[in-house]
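K.L.:
Pasting a structure below so you can have a look.
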Amino acid sequence: MMRTLMTQRFVVLFISLFMLSSPLHAAEVDLQQLVNDVHKQFASHNEGKNPDYIPALAAVDSDLFAISIVTADGKKYSAGDKDHSFSIQSIAKAFNLAALMNQQGDQVVVDKIGVNATGLPFSSIMAIELNEERSVNPLVNAGAIATVSLIKAKNAKQKWNIIESNLENFTGTDLKVQKNIYKSETDTNVKNQSIARLLSNYGRLYDDIEVSVDLYTRMCSVGVNTEELAIMGATYANAGINPMTKKEAVKAENVPKLLAVMATSGLYDDSGLWLYKVGLPAKSGVGGGIIAVMPGKYGIAAFSPPVDAAGNSVRAQLAIEEIAKRLKANVFQ
C-alpha cells in the first residue's frame, strides 16, 4: 500500500508540475492545418482489425477515421468523420471515476478500488486473483465495475442518471446509448459478470452484481464523436471546467489524480509503451476511440475502429502520437 501511494503521489506531482511548464503553445501552430495533415497522413493506414468479441463492433465500418483537438479556451479543430457517433467504451471509465470523486472524494479510490496498473489485459480475471486489492485499478474492467457499484443512489435508475449526467457535463451535449451496441455487449458480457461475481466474493463490489454489470455495460455503449471526446479531454486540460459550457465537471484538485491514473493505465497493458513513446495521459476504448490530455492546453481525440492486440485503435494511436510530436507535447520533455 505504501508503495502504491508513493507511486501515485509521484505521478500526481509530476503532472501538476507539468501544468506549469511551457510546451509549444497551440497559438503558435495552425491546429486546423495540423489535424488536416495528420488525417491525410494516416487515412490509408489499414493495420489492426475490429474487435469481434462484441459482434456490433465487428460490423462498424473500418474505414471511418476522425481527429479532433479542443483547446482549454474552447477552440475546436477537426478532420475526417468528426460527426460519426461511436460507442465510448472504456474511455467512459476515466470520467465515471470523476463522478465517484465528486461524490465521495479521492481517498475512496485508493481504499476501495486501487490505483496500480495490473500489467495484464483489461478484462483479466487472473489480475483479480493475483492482487490483494482485487479490483486494482479503476481503468480496467474490474475496477470500473467496482466504480459503478460505489456510486451512491437510491436505485438503479437514479444511479444511471448520475452516470449519464456526469458524462454530459464533460461533453456539454446530450448523449444517447447506442442500443445495438448495448444489446450486443449485454448478450456477450459473461466475462464481466464473472469478474463482478469474483469481486463480490472478495468484498470488493459494493452493489448488486446484475445492476452493476448492466449499468457498466450501458455506460460503455454511450455514443460520442471525436469532437465531444476532445471537449472531455479539454475539460481535464482546463482544470475540470468544461471550456464550452464554462461549468465545473470535476473539482480542480482531483484532475491531477485522474490524469495520473490515465497515465499509468489508460491504454491497458500497453500503457507503459504509450507513455514511453507519446508522454501524454490518455484513455482508449475498444470502440476505436482514444483521448489524450495536454494539461493546461488542450484535449486530443481520434477514432478509427481497427484495434491492435491490446485493444487500442491503431490509427488513433498513430495520429495522436504524430500530433503530440509536432506540438512537442510530452510531459517528460
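Readers should treat all values here as calculations from the given coordinates under stated rules, not as data from a laboratory. Keep in mind that what you see is a predicted model, and the values were worked out from it rather than measured. Every residue, glycine as well, gets a Cβ built from its backbone with ideal geometry; the counts of neighbours run over all protein chains shown.
K.L.:
Treat each spin label as a single point 7 Å out from the Cα along the C-beta direction, and report the Val108 to Ala252 distance in nm.
P.N.:
2.4
K.L.:
Of the cross-linked pairs Lys257/Lys297; Lys93/Lys157; Lys112/Lys179; Lys76/Lys297, which ones have a Cα-Cα span greater than 22 Å in the structure shown?
P.N.:
Exceeds cut-off: Lys112/Lys179.
K.L.:
Taking a threshold of 24 Å on the Cα-Cα distance, which of the pairs Lys82/Lys277; Lys49/Lys191; Lys191/Lys283 fall above it?
P.N.:
Numbers: Lys82/Lys277 26 Å; Lys49/Lys191 21 Å; Lys191/Lys283 22 Å.
Over 24 Å apart, Cα to Cα: Lys82/Lys277.
K.L.:
Based on the mean of other beta carbon atoms within 10 Å per residue, what is the order of 266-273, 245-252, 230-237, most packed first?
P.N.:
On the way: 266-273: 21.4, 245-252: 16.0, 230-237: 29.9.
Highest-to-lowest ranking by the protection proxy: 230-237, 266-273, 245-252.
K.L.:
Right, next: Quick check: net charge around Ala309, other residues with Cβ under 12 Å of its Cβ, Lys/Arg +1 and Asp/Glu -1?
P.N.:
Net charge around Ala309: -3.
K.L.:
Taking θ = phi - 60°, what integer Hz values does the Karplus form 6.51 cos²θ - 1.76 cosθ + 1.60 yield along segment 308-323, in sequence order, with x for Gly and Pro?
P.N.:
Along segment 308-323, the couplings run 8, 5, 7, x, 10, 4, 5, 5, 5, 4, 4, 5, 5, 4, 5, 4 Hz.
K.L.:
Please list, ordered by chain and number, the residues whose modelled amide H lies under 5 Å from the amide H of Lys49; skip anything fewer than 5 residues away on the same chain.
P.N.:
Under 5 Å from the amide H of Lys49 lie the amide H atoms of Val307, each far enough along the sequence or on another chain.
K.L.:
Along the Cα-to-Cβ line of Asp83, 7 Å from the Cα, sits a label point; which residues in segment 285-318 have backbone N less than 18 Å from it?
P.N.:
303
K.L.:
Residue by residue through segment 223-239, which ³J(HN,Hα) values in whole Hz follow from phi under the Karplus form 6.51 cos²θ - 1.76 cosθ + 1.60 (θ = phi - 60°), with glycine and proline marked x?
P.N.:
My calculation for segment 223-239 gives x, 9, 10, 5, 5, 5, 5, 5, 5, 4, x, 5, 5, 5, 5, 9, 6 Hz in order.
K.L.:
Treat every Asp and Glu Cβ in segment 2-326 as -1 and every Lys and Arg Cβ as +1, leave all other atoms uncharged, and give the resulting dipole magnitude about the Cα centre to the nearest 20 debye.
P.N.:
Numbers: 31 positive and 33 negative charges, 131 e Å.
So the magnitude is around 620 debye.
K.L.:
Another question, then. Using a cut-off of 15 Å between beta-carbons, work out the net charge of the residues near Ala79 (Lys and Arg +1, Asp and Glu -1, Ala79 not included).
P.N.:
Taking every other residue near Ala79 into account, the sum is -1.
K.L.:
Right, next: Normalising by the residue count of the chain, find the relative contact order in percent from Cα pairs under 8 Å and 6+ residues apart.
P.N.:
28
K.L.:
Tell me, what ³J(HN,Hα) does each residue in segment 291-298 have, in order and in whole Hz, if you take phi through Karplus 6.51 cos²θ - 1.76 cosθ + 1.60 with θ = phi - 60° and put x for Gly and Pro?
P.N.:
Using θ = phi - 60°, the values come out as 10, 10, 10, 9, x, x, 10, 6 Hz.
K.L.:
Could you work out the local net charge near Leu273, counting Lys and Arg as +1, Asp and Glu as -1, over the other residues with Cβ closer than 13 Å to its Cβ?
P.N.:
-3
K.L.:
For the ranges 205-216, 281-292, 50-61, what's the packing order if you count other beta-carbon atoms within 10 Å of each residue, average per peptide, and put the highest first? Before the final figure, lay out each step's value.
P.N.:
Details: 205-216: 20.2, 281-292: 29.7, 50-61: 16.6.
Descending packing order for the listed peptides: 281-292, 205-216, 50-61.
K.L.:
For segment 213-277, what D do you get in µm² per second when you plug the Kirkwood radius from alpha-carbon pairs into Stokes-Einstein at 20 °C and 1.002 mPa s?
P.N.:
The diffusion coefficient I find is 159 µm²/s.
K.L.:
Which one, Ser221, Phe170, Leu31, is farthest towards the positive end of the dipole of the chain when Lys and Arg carry +1 and Asp and Glu -1 on their Cβ?
P.N.:
It is Phe170.
K.L.:
Where the Cα atoms of the chain are projected onto their three principal axes, how long is each span, largest first, in whole Å?
P.N.:
Result for the chain: principal-axis Cα extents of 53, 43, 35 Å.
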